[in-house]
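Comments concern the structure below.
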Amino acid sequence: METHWEKQLSCASRCQRCRKSLEREEPRILSVFDHQPICVACKQTEETRPDYPDQSKQTVAECIAATGKPYGDTASYCFHHFLPFRCKN
């Protein structure tokens, strides 16, 4: 799940939901449902789903089990499902 996530996902040029173009400086965030980079507007829509709270908990548990890193580790793949990030490259 976490392997090479930053290289593959952090500089995604399009939101995987609405297909909006994402400029390098624009924030993006990972979906808790499919781990794909989405724009902040699509994340806000995702958060209104009735199954979002349960899926969020499941994503955190799976991430911690897979990575061995705490949820709050800002360098962790898990963290970027809940806090927007920008392209670093």
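The values are calculated or read from the model by the stated rules, or taken from the named source; none is laboratory data. In this text, all values refer to a predicted model and were calculated from it rather than measured experimentally. Note that each Cβ is placed from the backbone with ideal geometry, even for glycine, and that neighbours are counted across all protein chains shown.
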(request) For segment 55-67, indicate whether the set of residues that are touching a helix residue (DSSP H, G or I) at 6+ places or on another chain (Cβ under 8 Å) and modelled with pLDDT of 95 or more is non-empty. (result) no
(message) Any residue in segment 40-51 that is closer than 12 Å to Ile29 by Cα and free of Cβ contacts under 8 Å to residues at least 60 places away in the same chain sitting within a Cβ distance under 8 Å of a residue that is of a type outside the set (Phe, Trp, Tyr) and outside any loop (DSSP other than H, G, I, E, B)? List the pairs, counting only those 6 or more apart or interchain.
(response) Val40/Arg28; Val40/Ile29; Lys43/Ile29; Glu46/Ile38
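Look at Lys43 and say whether it is at pLDDT 95 or above and surrounded by 15 or more Cβ atoms within 10 Å (Cβ to Cβ).
So Lys43 passes the test.
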(message) Go through (1) assigned to a helix (DSSP H, G or I); (2) under 14 Å from the mean Cα position of the chain (by Cα) for Cys11 and report which single condition fails.
(response) (1)
(message) Take the residues in segment 52-81 that are small (Gly, Ala, Ser) and touching a residue at least 24 places away in the same chain (Cβ under 8 Å); name whichever of them is surrounded by the most Cβ atoms within 10 Å (Cβ to Cβ).
(response) Ser76
(request) Considering only segment 20-69, state which residues are within 17 Å of Leu83 (Cα to Cα), assigned to a loop (DSSP other than H, G, I, E, B) and of a type in the set (Asp, Glu). (result) Glu25, Glu26, Asp34, Glu47
(request) Sort out which residues of segment 1-19 are at pLDDT 75 or above and hydrophobic (A, V, I, L, M, F, W, C), and write them in order of number. (result) Cys11, Ala12, Cys15, Cys18
(request) Could you please find all residues in segment 68-80 being under 25 Å from Ser13 (Cα atoms) and either modelled with pLDDT of 85 or more or among the small types (Gly, Ala, Ser) (or both)? (result) Ala75, Ser76
